[in-house]
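J.: Below are the structure tokens for one structure; questions will follow.
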Amino acid sequence: MRVFLDTNVLISALTARGLCADLFQAVLADHSPVISETVLAQFDEVLQTKFRHSKAAAAARCDFLRRFCELAPSGRTRQIAGIDIADRKVIADALAGRVDALVTGGHALDALKTIDGKPVFFPLHFWDSHRPVW
């Protein structure tokens with residue numbers, strides 16, 4: 001399964017222990033993780049501004065993601081009621097990446113439930129429905 005991970009999920013996965021870290025490991029092991037330049041730019045900015053990572057440390061984490069995740073092409077945004085431009089760009093990139101599901105920590109995206117027939121999950125819901133059997 002091709003799984004698009006948004007910025008919120010990646011920040012949680014790579015800065016703390018917990019559900020998103022476990023989910024990220026499971027997606028790496030059992031699925032094909034997909035991200036985009038849009039997500040990487042947001043990720044880099046959040047690491048530097050909110051988590052006070054140095055530019056080099058943030059770049060190293062972005063390089064890690066580039067190495068282990070497929071990079072979706074830039075998608076064409078469209079109007080979606082109730083969704084801001086940044087989230088519309090993430091949606092466009094996910095769809096351009098031909099993903100099977102989008103995992104988000106954003107309430108606005110999760111409220112959509114599906115995008116062009118592709119399911120949208122909160123991390124816990126994805127974990128519950130796609131949990132690896134160890």
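J.: Within the set of other residues whose C-beta is less than 10 Å from the C-beta of L47, count the net charge using Lys and Arg as +1 and Asp and Glu as -1. Intermediate values should be presented prior to the final figure.
T.: Working: positive: K50, R52, K55, R61; negative: D44, E45.
Every neighbour counted, the sum reads +2.
J.: Another question about this same structure. Taking all protein chains as present, what is the carbon and sulfur share of the accessible area of the chain, in % to the nearest whole number, probe 1.4 Å?
T.: Values: 3850 of 7230 Å².
Whole-percent figure for carbon plus sulfur exposure: 53.
J.: D116 versus A56, label points 7 Å from Cα toward the beta carbon: distance in nm?
T.: So the two model labels end up 4.1 nm from each other.
J.: Could you tell me how far the Cα centroid of segment 39-62 sits from the Cα centroid of segment 73-91, in Å?
T.: After rounding, the separation between the Cα centres reads 22 Å.
J.: Rolling a 1.4 angstrom probe over the protein heavy atoms, how many square angstrom per residue are accessible across the chain?
T.: Working: 7230 Å² over 134 residues.
Ligands and nucleic acids excluded, the result is 54 Å² per residue.
J.: Based on the Cα gyration tensor of segment 93-132, what are the three equivalent ellipsoid semi-axes, each the root of five times an eigenvalue, rounded to whole Å and given largest first? Don't jump to the answer; show the numbers that get you there.
T.: Working: eigenvalues 52, 32, 13 Å².
Each semi-axis is the square root of five times an eigenvalue, giving 16, 13, 8 Å.
J.: In units of 2.2 N^0.38 Å, what is the alpha-carbon radius of gyration of segment 20-134? Write down the numbers at each step before the final one.
T.: Details: Rg = 14.3 Å, N = 115, 2.2 N^0.38 = 13.4 Å.
For segment 20-134, the normalised Cα radius of gyration is 1.07.
J.: For segment 1-91, which trypsin sites (Lys or Arg not before Pro) pass both filters: DSSP loop (anything but H, G, I, E, B) and at most 14 other C-beta atoms within 10 Å?
T.: Passing both the DSSP loop test and the Cβ count: R17, K50, R52, R76, R78.
The values are calculated or read from the model by the stated rules, or taken from the named source; none is laboratory data. For clarity, every value in this text was computed on a predicted model and none was experimentally measured. When we count neighbours, we look across all protein chains shown, and the Cβ atoms used for this are built from the backbone with ideal geometry, even at glycine. Protein only, heavy atoms only, side chains kept; ligands, DNA and RNA dropped before computing areas. Shrake-Rupley method; radii C 1.70, N 1.55, O 1.52, S 1.80 Å.
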